[in-house]
Structures are given as structure tokens and as C-alpha cells.
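Notes for the one structure printed next.
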Amino acid sequence: MLVLSRHRDESIIINDNIVVTIVDIRGDKVRLGINAPQDIPVHRQEVFDAIQRENRRASQIQPSETRGLDDVVND
């Protein structure tokens, strides 16, 4: 892991197209501004983990568990 020190209003650049800026520092919290292309998803760690869990769960659904979904989609 690369660890950098930055002050408020300073930035780091990742791969020429992602800019992470320190927006505010209050006590033990740092607010970041992230400017990235729309095709690059940016999530907080806990949201990313939840998405991964849900994707794994969805990939394990058996065909028998999807009966009746056509009725919902086609209404």
C-alpha cells in the first residue's frame, strides 16, 4: 500500500484520469473528492463488499427459485 500525506485542497492523480482531492479534514475524518471517468465505478468499501456479497448470492440461485419471475417482468 502506498501511503501519502496531503493537506486540504491537495490532490493525487491515479492513472492520468482519476483525481482524488482532500476536501476537508475534521478531527479524525477526512472528506475526499474523487473525479473519475463515468465508466469507472467508485464505491465506499462497505458498499463494494455488499455488492460483491449480493452478486455471489445471485450467482448461486437455482433455476427453480426463479419460477414466476416472467410474470412480474412481463406485467
For this session: Residues that are over 18 Å from the mean Cα position of the chain (by Cα) and surrounded by 11 or more Cβ atoms within 10 Å (Cβ to Cβ): find the strands (runs of 3 or more DSSP E) completely inside the range 1-43 holding 2 or more of those.
Result: 11-14, 18-26
For this session: Considering each residue of the range 42-70, count those that are at pLDDT below 95 and closer than 21 Å to MET1 by Cβ, and give that number.
Result: 0
For this session: Kindly establish whether ASP49 is outside any strand (DSSP E or B) and on the phi > 0 side of the Ramachandran plot.
Result: no
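The values are calculated or read from the model by the stated rules, or taken from the named source; none is laboratory data. All values derive from a computational prediction rather than experimental measurement. Using ideal geometry, Cβ is built from the backbone for each residue, glycine included, and neighbour counts are taken over all protein chains shown.
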